[in-house]
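For reference, the structure is listed below as structure tokens.
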Amino acid sequence: MSVQYEPVIGLEIHAQLQTRTKIFCGCSTAFGAAPNSQVCPVCLGLPGALPVLNRQAVDYAIKAALALGCAVQPASIFARKNYFYPDLPKGYQISQYERPLALGGGLEIAVDGGTKWIGLTRIHMEEDAGKSLHEGFPDSDRRTHIDYNRSGVPLIEIVSEPDLRSAADAAEFFSRLRDILVWLGVNDGNMEEGSLRCDANVSVRPHGQAKFGTKAEVKNVNSFRYVEKALEYEIGRQIDLLESGGRVVQETRLFDSGSGRTHSMRSKEEAHDYRYFPEPDLPPLVVDEARIARVKASMPELPAARRQRFVEQYAIPEYDAGVLTQSAGLADYFEAVSAAAGNPKAASNWVMGELLRTMNERGQDIASQPLPADRLAGLIALIDKGTISSSIGKDVFARMYDSGRAAGEIVATEGLAQIGDESALLDIIRGVIAANADAVAQYRAGKMQTFGFLVGQVMKGSKGKANPKLANELLKKELDN
């Protein structure tokens, strides 16, 4: 009988803080500038240049720590992490080691229809390295250029406990963490630009065994899908290796998204390889209770709390609340529509339905879409009053979205108001009955399904403008008579 293996996964997530300037100098953090145009003696590590800690970066780091339930430490120490790599101009990285900014905390994720708590080990602050740009093929013609613009950009590293047990759970954890960081405004969540990156530590062990297996680190994965694919491959690779009599070695590996495989990059360093020692040019970072209180007071309502409030306050399903709290902007928009329309469920349906569908089709987000909340609320009010039907409402929505005109103006100028006059509807209904004698006979013989067909014909005859409730009542009365 073959051994059943269990994966053990922990993540290290590097999140760039959304400050305008770098962590230890005044250089810009803006993405996309000309190479080496946003540098100075401090972030280039030139002799005699001294670092000065960015206050906003610290506040953002504290904000993330509080949102994730961490204990912010009253004093933390910056340290030099020594290693050589071309994109590290000083020959060391300023990070935190023995005394990080925050300890503990965690995040609840959805797992197999339930939830699971994933603990955090720590959150610490550090500076980013530069970026190596490789060009040329084949390797004999390859050239590498170094762009130091990213050197010194402020990061937090969020380290999870090894509590994850599948590649899918790891991707879910990464996704939920991104949502919180973006919600707080401390990170922009842009993985394509490298402002959010993930390293994954993974090992496998026989089910029931308490001791961890030998881990490999998969480095710099920048999407939820790639995290899942990289871990699935790496879990399978380690199991195949053990089952064939081999052994897993501790190493750092890279994921090739083209082939869907990981490959060895280097042997895995231990902490002593970095020769950490306290950064002599920076004093201890002291965070008092007053500062923590100020940061906490500036924080928005967190996604989980807002989802729960939406369910309780607006009586909408949990699924709706989950969709509507995908971002703070979307949640704000829903609440504005609901307040103006006075119909939370209709507001939820329209935001989740037509609005999100149109935004996705056009590659827009809630901030860039053109429809103000009060305009959508006006459309909902027209439907609730019976002025237009829901089907006509979708057409009006599309015209509003493209033109910026109000729903009432579109309905009035284009003659889209519902037909609620009984005599006008009776003329249409009697015409439908006369034109569909077979269906009428089937209905009167007890085949009730044909009623829906006849209703459809009435709506078609009215060009979708018949009041559905009144049309149903009048049609049934005519048929029964």
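The values are calculated or read from the model by the stated rules, or taken from the named source; none is laboratory data. What you see is a predicted model, and the numbers here were worked out from it, not measured in a lab. Glycine gets a Cβ as well: all are built from the backbone with ideal geometry, and neighbour counts include every protein chain shown. Just the protein is used for accessible areas: all its heavy atoms, side chains included, with ligands, DNA and RNA removed. Shrake-Rupley method; radii C 1.70, N 1.55, O 1.52, S 1.80 Å.
Tell me which of these Pro41 doesn't satisfy, since it passes every other one: (1) exposed (fewer than 13 other Cβ atoms within 10 Å of the Cβ); (2) touching a strand residue (DSSP E or B) at 6+ places or on another chain (Cβ under 7 Å); (3) not hydrophobic (A, V, I, L, M, F, W, C).
(2)
Only one residue in Pro47, Pro74 is in contact (Cβ under 8 Å) with a residue 12 or more places away in the chain and not aromatic (Phe, Trp, Tyr). Which one?
Values: Pro47 fails: in contact (Cβ under 8 Å) with a residue 12 or more places away in the chain.
Matching residue, one of Pro47, Pro74: Pro74.
Report yes if Tyr60 is surrounded by 15 or more Cβ atoms within 10 Å (Cβ to Cβ), among the hydroxyl-bearing types (Ser, Thr, Tyr) and within 30 Å of the chain's Cα centre (by Cα), otherwise no. Give the steps one after another, and end with the answer.
On the way: surrounded by 15 or more Cβ atoms within 10 Å (Cβ to Cβ): yes; among the hydroxyl-bearing types (Ser, Thr, Tyr): yes; within 30 Å of the chain's Cα centre (by Cα): yes.
It is true that Tyr60 is surrounded by 15 or more Cβ atoms within 10 Å (Cβ to Cβ), among the hydroxyl-bearing types (Ser, Thr, Tyr) and within 30 Å of the chain's Cα centre (by Cα).
Check off (1) free of Cβ contacts under 8 Å to residues at least 40 places away in the same chain; (2) in contact with a Ser or Thr (Cβ under 8 Å, 6 or more places away or on another chain); (3) over 16 Å from Lys465 (Cα atoms) for Tyr401 and give me the number that stays unchecked.
Unmet condition: (1).
Looking at the stretch 133-144, is at least one residue touching a strand residue (DSSP E or B) at 6+ places or on another chain (Cβ under 7 Å), buried (at least 18 other Cβ atoms within 10 Å of the Cβ) and part of a strand (DSSP E or B)?
Checked against the condition, which is being touching a strand residue (DSSP E or B) at 6+ places or on another chain (Cβ under 7 Å), buried (at least 18 other Cβ atoms within 10 Å of the Cβ) and part of a strand (DSSP E or B), the stretch 133-144 yields no hits at all.
If Ile94 meets every condition in (1) part of a strand (DSSP E or B); (2) at pLDDT below 95; (3) farther than 30 Å from Ser166 by Cβ apart from one, which number is that one?
(2)
Can you tell which of Leu88, Leu66 is open to solvent by less than 20 Å² (accessible area, probe 1.4 Å), out of contact with any strand residue (DSSP E or B) (no Cβ under 6 Å at 6 or more places or on another chain) and of a type outside the set (Lys, Arg)?
Details: Leu66 fails: open to solvent by less than 20 Å² (accessible area, probe 1.4 Å).
The match here is Leu88.
Name the helices (runs of 4 or more DSSP H) wholly within the stretch 369-481 that hold at least 3 residues that are at pLDDT below 90, charged (D, E, K, R) and surrounded by fewer than 15 Cβ atoms within 10 Å (Cβ to Cβ)?
422-435, 468-480
Quick check, is Glu228 without any contact (Cβ under 8 Å) to a residue 60 or more places away in the chain and more than 30 Å from Thr21 (Cβ to Cβ)?
no
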